[in-house]
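Okay, so here's the structure we're looking at.
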Amino acid sequence: MTHHPLTALPAFRHQNLLIEFASLKHAAPRGIYLSLTPNNATVWHGVMFIRRGLYRGAILRFTLTFPFAYPSTPLDIILVTRVFHPLVSPKHGKFSIPGHPAPQDVLEALERFKSAFEDEGELERVREGDVVDREAWRAWNGRRETKGGWCERVEKCVRRSVEAVEEKAEEDVIRFGEILEREEVEALVEEARRNLRERGVEVREC
């Protein structure tokens, strides 16, 4: 595929990413918040508050990294929060974006990312070739026979995700300060804690 010569210019690429970031200000999937890395438009920081599904209550921090050839080459989503999930690498947290063809823009990638955690049907439809955590995959497939401890492992990572945010509250407030006020962060964390309590999961006070 032939690329337009302008796309090779760092300034042009930088501007395109800034435009795409600005377009997501009011269009990002509900529960996802993004911020730019200062002086580096190719790395975005994000947090996703899971409000339904198997991972309800989880607070997942992640980064979006844009390769030089983006959008011809898909972006990378890397989970900073440790998550037990068939599509998340247990070694480096890279999320294997399900579905083909690859997403054409950030919004589509984020929608698939969110669905993988909120829509149980997405896990039912996962292709084995997209799986990057075989242990999680076996636990998911054995959940009806209570093999592999799927529910326990998921609840554990959900609980730890909330505790991790509370332990690093100041860091997160600063990182997402452009889009979330401290009160909003506290309200979202409390909502996550409430979701866990409703499921009978105790969260350690920090």
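Name the trypsin sites (Lys or Arg not before Pro) in the range 60-93 that are in a loop by DSSP and that have at most 10 other C-beta atoms within 10 Å, would you?
Here the trypsin sites (Lys or Arg not before Pro) that fit, given the DSSP loop and packing criteria, are 91.
Cβ under 12 Å from residue 93's Cβ, residue 93 left aside: what net charge do those residues give with Lys, Arg +1 and Asp, Glu -1? Please list the in-between numbers first.
Details: positive: 61, 82, 91, 94; negative: 76, 133.
Surrounding charge for residue 93 is +2.
Placing one identical point scatterer on every Cα of the range 90-141 and ignoring solvent, what is log10 I(q)/I(0) from the Debye formula at q = 0.13, 0.14, 0.28 Å⁻¹?
-0.31, -0.36, -1.32
Since every read-out is calculated from the coordinates, none of them should be taken as a lab result. As the structure is a prediction and not an experimental result, all values here were calculated from the model. Neighbour counts run over all protein chains shown; Cβ positions are idealised from the backbone, glycine included.
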